[in-house]
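Q: What follows is a single structure, and I will ask about it in a moment.
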Amino acid sequence: MTEEAFNQLLLDTKNELDITWQDDDTDKKLTGIIKRGLAYIDNVAGAVQDYTIEAEARGLLFDYCRYVRAGALSEFMENYLPELLTLQQAEEVKAYVASQETTDV
């Protein structure tokens, strides 16, 4: 993800979380949360996700950030397990289809 794209994601996340004030410490903390969320969701999915489009991964990232800010990361993992598994399965299907296309050629 480019720095420009990440900065826009930071702004979008702040908007989603109703963070309306400008504070460098808040931005620094939220940047760390977002980066950990990106790594976590990409790892669960098994592939790098596109967080610039309104899709499942982006929504999960916003929810991840909301839960982490509330000190409830373990609850996120429990409450969003079905969505995380669906994302993982979708990536597995994409990989399978791609492998079939290369063997059919």
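Q: Which of the residues belonging to the stretch 11-23 are surrounded by 14 or more Cβ atoms within 10 Å (Cβ to Cβ) and assigned to a helix (DSSP H, G or I)?
A: D12, T13, K14, E16
Q: Across the stretch 24-70, what is the number of residues that are among the hydroxyl-bearing types (S, T, Y) and within 12 Å of the chain's Cα centre (by Cα)? Explain how you work it out, then say what you get.
A: To start, the set of residues in the stretch 24-70 that are among the hydroxyl-bearing types (S, T, Y) comprises 26, 31, 40, 51-52, 64, 67.
Applying the additional criterion that residues be within 12 Å of the chain's Cα centre (by Cα) yields 40, 51-52, 64.
Count: 4.
Q: Another one. For the list (1) in a loop (DSSP other than H, G, I, E, B); (2) modelled with pLDDT of 95 or more, I need the number of the one condition that M1 fails.
A: Result: M1 fails condition (2) only.
Q: Output the residues belonging to the stretch 24-45 that are loosely packed, with under 15 Cβ neighbours inside 10 Å and either within 12 Å of L87 (Cβ to Cβ) or small (G, A, S) (or both).
A: If the condition is that a residue be loosely packed, with under 15 Cβ neighbours inside 10 Å and either within 12 Å of L87 (Cβ to Cβ) or small (G, A, S) (or both), then G32, A39, N43 are the ones that fit.
Q: Also, I was wondering about something else. Please enumerate the residues belonging to the stretch 1-23 that are under 25 Å from L85 (Cα atoms) and among the hydroxyl-bearing types (S, T, Y).
A: Passing the criteria: only T13.
Q: If you don't mind, there's one more thing I want to ask. Based on what the data block shows, is V68 surrounded by 16 or more Cβ atoms within 10 Å (Cβ to Cβ), part of a helix (DSSP H, G or I), β-branched (V, I, T) and out of contact with any Cys (no Cβ under 6 Å at 6 or more places or on another chain)?
A: Criteria met by V68.
Q: A further question on this structure: So, of the residues in the stretch 71-98 that are of a type in the set (S, T, Y) and more than 22 Å from I19 (Cβ to Cβ), which turns out to be surrounded by the most Cβ atoms within 10 Å (Cβ to Cβ)?
A: T86
Q: Based on this model, can you work out whether D23 counts as without any contact (Cβ under 8 Å) to a residue 40 or more places away in the chain, out of contact with any strand residue (DSSP E or B) (no Cβ under 8 Å at 6 or more places or on another chain) and on the phi < 0 side of the Ramachandran plot?
A: Yes; evaluated as a whole, the condition is true for this residue.
Q: Say we look at the stretch 26-57 and pick out the residues that are in contact (Cβ under 8 Å) with a residue 40 or more places away in the chain and part of a helix (DSSP H, G or I); which of these is farthest from S74 (Cα to Cα)?
A: Looking at the filtered set, the residue picked out is A45.
The values are calculated or read from the model by the stated rules, or taken from the named source; none is laboratory data. It should be emphasised that the depicted structure is a prediction, and the values quoted were computed from it without experimental measurement. As a convention, Cβ positions derive from the backbone with ideal geometry for all residues, glycine included, and neighbour counts pool all protein chains shown.
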